[in-house]
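Everything on this sheet refers to the single structure shown next.
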Amino acid sequence: MIGSNGERVDTGPRVAASEFTRRFTDLAPEDAGLVNWAGDDYPPVLVSLLARVRPAGTLTVNVNQGWWPILRRLENDIAAVAPNYRVARIGEDLGVLDFEVVSDDLTEEIAVLVGEAQSRSTHTCEICADRGWLYRQNDWLVTLCVDHARARGARPARTDADIAEAVPRPTDRELAFALSAGVPASAFTAQARLENDAYVHASADADEAEMSTWLTAADVARLLGTPTTAVNELRRQGSLLAGRRRNGRYAYPRWQFDRRNRPLTGLKAVLGRFGDDGDAIGINNIMTTVWVELKGLSIAQWLAHGRSVHTVLRVMDDWELS
């Protein structure tokens, strides 16, 4: 990270993005230049962004370089509709881009642009700008690709409990220290906690919306020509992926069935690589994301085409997805 004086600040072990092979997302040359920036000061686009900070000189770009392309696009988009807008905060919170425009300059149009950038940050690795997911690293939530999560020893933030535990309430001593260090008291108010809770609930709402499009156990039973008890047994055996919805019932992604409505050959072996954590949404995302190692197919597409499950297992072992 680079400090306000233009010098790089040591924030601990740093792994260059260029050391990893991109697997999911290609970068435009201008974005690749930002992600791999090695200059002693900020690139011009971020210098321009910092010039908007009010009060002047009070902030640095407190996000890793994988999100710098998002900031570049956001700066261009907002400047196009409000050339003189000002910035109050540029940071990261709970694995999401935290970008605050000075309230007097904030319009509904700008709020939409910021929201879109924040949405992009939730599935963009903050280190290399490849496809990312939410992980928990010690007591922090971070959005990382599989590679950088492995390098940092982070584990998927699979449940609301993971998220809640990563933002514990401070002790009185910790609170006093934080306030003395300049952390605003507003960060510890009931409103701030409500905003954190809202983030957790929004994540859960997104999961529920996703699973609402999946098949019910009764749907699967009709596909297979079996009773629902047999479907439940397949789920318990790890032969089918399912997520539990808020109504307590399980839902099953449609991609795990072939053209004859049979479970994909090799699916049980692949699902077994994910262990027993039960993160159906996360597994669904990995199974349906394109992999370079699988010739531009997702794991689900690869299996649906009848290709070797051993290839999938080898790729997964190489990248330690389990």
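Worth a mention:
- L175 vs. criteria surrounded by 13 or more Cβ atoms within 10 Å (Cβ to Cβ) and at pLDDT 80 or above: no
- Search result, residues across the range 135-154 that are outside any helix (DSSP H, G or I), surrounded by 23 or more Cβ atoms within 10 Å (Cβ to Cβ) and out of contact with any Lys or Arg (no Cβ under 9 Å at 6 or more places or on another chain): T143
- In the range 107-134, residue surrounded by the most Cβ atoms within 10 Å (Cβ to Cβ) [restricted to those that are polar (S, T, N, Q) and part of a helix (DSSP H, G or I)]: S121
- The numbered conditions (1) farther than 22 Å from W37 by Cα; (2) surrounded by 16 or more Cβ atoms within 10 Å (Cβ to Cβ) are all true for W68 except (1).
- Hits in the range 251-268 (condition: over 14 Å from R236 (Cα atoms), open to solvent by 10 Å² or more (accessible area, probe 1.4 Å) and in a helix (DSSP H, G or I)): R254, W255
- Residues satisfying the stated conditions in the range 280-310, i.e. crowded, with 16+ Cβ neighbours inside 10 Å and not aliphatic (A, V, I, L, M): G282, N284, T289, W291, E293, S298, Q301, W302, R307
- Applying the condition of being under 30 Å from P156 (Cβ atoms) and outside any strand (DSSP E or B) to the range 86-106 and asking which residue is most open to solvent (accessible area, probe 1.4 Å) yields L94.
- Residue in the range 224-233 that is open to solvent by less than 70 Å² (accessible area, probe 1.4 Å) and under 28 Å from T25 (Cα atoms) present: no
The values are calculated or read from the model by the stated rules, or taken from the named source; none is laboratory data. Computed from a prediction, not measured in an experiment: that's the story for all the values here. Cβ atoms come from the backbone with ideal geometry, glycine included; neighbour counts cover every protein chain shown. SASA here: full protein model, heavy atoms, side chains in, ligands and nucleic acids out. Shrake-Rupley method; radii C 1.70, N 1.55, O 1.52, S 1.80 Å.
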